[in-house]
Amino acid sequence: MTDFVLVHGAWHGGWCWQALEPFLRAQGHNTHAIDLTGLGARSHLLSADITADTHVLDVVNYIKWHDLKDVCLVGHSYGGNIITGAAGQVPEAIASMVYLDAQVPFETGYSLQKTANPARWAGFQKQIDAGAVGVEADLFHAWSDKPETIAWLKTKCTPHPAGCMTSGVTLTGREAEVARKLYILAARNKG
């Protein structure tokens with residue numbers, strides 16, 4: 001039995017794992033779908049003070065306060081940054097990491113600002129320059145081509161904390177202590 005800690009991407013929440021969780025549980029595993037501060041069920045906490053390191057602490061504290069060991073950390077998209085930062089804080093609790101079409105930070109400060117294509121980033125920057133605390137979701141077509149799924153996603157996605165767009169996670173180097181890392185590439189995602 002493995003404890004899977006599932007970390008969503010930008011604009012999402014723990015809700016995005018609802019199709020995967022029953023499958024993992026049927027295999028005898030435990031699942032823990034976290035809502036990062038300011039997103040999903042915790043969207044009411046959106047503030048200008050939230051950074052990527054805030055989200056790292058969300059994951060680290062979840063692992064600590066739930067006494068989890070031999071965790072498989074799974075991060076989707078932006079969540080790849082967060083699981084890497086978390087693994088650097090508590091590598092002794094992490095057995096493996098799965099990057100699900102995710103960003104992998106190679107240095108402290110590696111952020112969405114550095115990885116988004118320039119045209120896409122310009123749209124985010126325009127919102128930030130206008131004083132947005134949270135940046136609106138885009139690219140719904142990258143997540144699904146079914147109109148009903150896209151409509152559902154539009155009801156679930158919340159603005160992503162602007163501070164997370166411009167600040168990356170702080171890396172300790174200890175994330176390298178987690179030897180087992182897997183990467184799953186979603187070939188249709190062109191975002």
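The values are calculated or read from the model by the stated rules, or taken from the named source; none is laboratory data. Model, not experiment: these values are computed from the prediction. Reconstructed Cβ throughout: ideal geometry from the backbone, glycine too, with neighbour counts over all protein chains shown. Remember, those area values only see protein heavy atoms, side chains included, never the ligands or the DNA or RNA. Shrake-Rupley method; radii C 1.70, N 1.55, O 1.52, S 1.80 Å.
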Are there trypsin sites (Lys or Arg not before Pro) in region 143-191 that DSSP puts in a loop and that have at most 13 other Cβ atoms within 10 Å, and which ones? R188, K190
Ordering 11-18, 79-86, 25-32 by per-residue average of other C-beta atoms within 10 angstrom, highest first, gives 79-86, 11-18, 25-32
Quick one: grab the alpha carbon gyration tensor of region 18-174, order the square roots of its eigenvalues as a ≥ b ≥ c, and give me rounded if a/c is under 1.5, else prolate or oblate depending on whether a/b is larger than b/c. oblate
Between the Cα axis of helix 79-89 and the main Cα principal axis of the chain, the angle (0 to 90°, nearest 10) is 40 degrees
So what does log10 I(q)/I(0) come out to for region 51-114 at q = 0.13, 0.18, 0.28 Å⁻¹, using the Debye formula with one equal point on every Cα and no solvent? -0.30, -0.58, -1.28
At what distance in nm do the modelled label points of T170 and R25 sit from each other, each positioned 7 Å from its Cα along Cα→Cβ? 3.7 nm
State the percentage of accessible surface on the chain attributable to carbon and sulfur atoms; use a 1.4 Å probe and exclude ligands, DNA and RNA. 56 percent
Restricting things to alpha carbons, find the Rg to Rh ratio for region 1-95 using the Kirkwood radius for Rh. 0.95
With every protein chain present, what is the per residue accessible area of the chain (1.4 Å probe, Å²)? 49 Å²
Can you tell me the dipole magnitude for region 65-183 around its Cα centre, using point charges on the Cβ only (Lys, Arg +1; Asp, Glu -1), in Debye to the nearest 20? 160 debye
Using label points projected 7 Å from each Cα along Cα→Cβ, tell me how many nm separate M1 and Y183, to one decimal. 3.4 nm
